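Enquirer: Here you go, one structure.
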Amino acid sequence: MPADFTGTWDIVDNQNFEGYMVALGIDFATRKIAGVLKPQKIFEQDGDSFTIKTITTFRNYTCSFKAGEEFEEITKGLDNRKCQTTVNWDNDKLVCVQKGEKKNRGWTHWIEGDTLFLELTCEDQTCKQIFKRSA
Ligand code: 1AG
């Protein structure tokens, strides 16, 4: 029985988002705007099928996938790249590999109680985000 991420999660901590955005090549002005956002994650999960919405006042990003199945991800409104993306379960963690132009790109999500963790990596930069369940 895999972990159930379903729900709404509000960010409470965001470490090295700046470094991660620099690694993705996000321009200065966009980084200044993005750096002060307080994103919310909305997870819809049906077994291995996911939709993850990242909601902010500036832009939203939606990603839908089935664990174990590679798909083409276009990071529209983020760095606007095309990746061959696969998300796999590693025990109760969701581990995403985003193959494409950027080396060592991906993310990991996991839950501990009412806390959702996200580590985003690109090249040599890792951003660590923490969310608390709000619904
Ligand atoms: C993600 O989460 C996307 C979450 O894959 C966003 C993370 C980084 C954003 C990357 C670059 C920033 C570029 C432009 C900023 C504009 C808007 C920002 C909107 C998002 C702010 C955090 C992993 C997973 C589901 O939860 O995709």
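Enquirer: What net charge do the residues around Ser134 carry, taking every other residue with its C-beta under 11 Å from that of Ser134, with Lys and Arg at +1 and Asp and Glu at -1? Don't skip to the answer; put the middle values down first.
Expert: Details: positive: Lys41, Lys132, Arg133; negative: Asp10, Asp114.
Its environment carries a net charge of +1.
Enquirer: Let me ask another. Tally Lys and Arg at +1 and Asp and Glu at -1 over the other residues with C-beta under 10 Å from the C-beta of Thr30: what net charge comes out?
Expert: Its environment carries a net charge of +1.
Enquirer: Sticking with this structure for a sec: Hey, what number do you get for the chain at 222 nm if only DSSP H runs of n ≥ 4 count, each worth -39500 (n - 2.57), divided across all residues, to the nearest 500?
Expert: Numbers: 2 runs with 15 residues, N = 135.
For the chain, the value works out to -3000 deg cm²/dmol.
Enquirer: In addition: Taking every alpha carbon pair in segment 33-88, what does the distance histogram look like in 10 angstrom bins from 0, in percent?
Expert: All Cα pairs considered, the percentages come to 22, 48, 27, 3.
Enquirer: Also, quick follow-up: Using θ = phi - 60° and the Karplus curve 6.51 cos²θ - 1.76 cosθ + 1.60, what whole-Hz ³J(HN,Hα) does each residue of segment 73-86 get, with Gly and Pro shown as x?
Expert: 10, 10, 8, 5, x, 9, 9, 6, 10, 9, 10, 9, 10, 9
Enquirer: Give me P(r) over segment 7-133, computed from all C-alpha to C-alpha distances, binned every 5 Å, as integer percentages.
Expert: Pair shares across the bins are 2, 10, 20, 27, 24, 13, 4, 0.
Enquirer: Accessible surface of Lys82 in the full protein assembly, 1.4 angstrom probe, to the nearest 10 Å²?
Expert: Per-residue accessible area (Lys82): approximately 120 Å².
Enquirer: On a straight-distance basis, which aspartates and glutamates could pair with Lys38 in a cross-link, Cα separation under 12 angstrom, same-chain partners fewer than 8 positions away excluded?
Expert: Partners within reach: Asp10, Asp13.
Enquirer: Karplus couplings for segment 36-47 from phi (6.51 cos²θ - 1.76 cosθ + 1.60, θ = phi - 60°), rounded to Hz, Gly and Pro as x?
Expert: Couplings: 9, 6, 10, x, 10, 9, 10, 9, 10, 9, 10, x Hz.
Enquirer: Right, here's the next one. Would you list, by chain and number, the lysines whose Cα falls below 19 Å from the Cα of Lys99, excluding same-chain residues fewer than 8 positions away?
Expert: Within reach: Lys66, Lys76, Lys82.
The values are calculated or read from the model by the stated rules, or taken from the named source; none is laboratory data. None of these values were measured; they are calculated from a predicted model. Methodologically, a virtual Cβ is constructed for each residue, glycine included, from the backbone with ideal geometry; neighbour enumeration extends over all protein chains shown. What goes into the accessible areas is simple: the full protein's heavy atoms, side chains included, and nothing from ligands, DNA or RNA. Shrake-Rupley method; radii C 1.70, N 1.55, O 1.52, S 1.80 Å.
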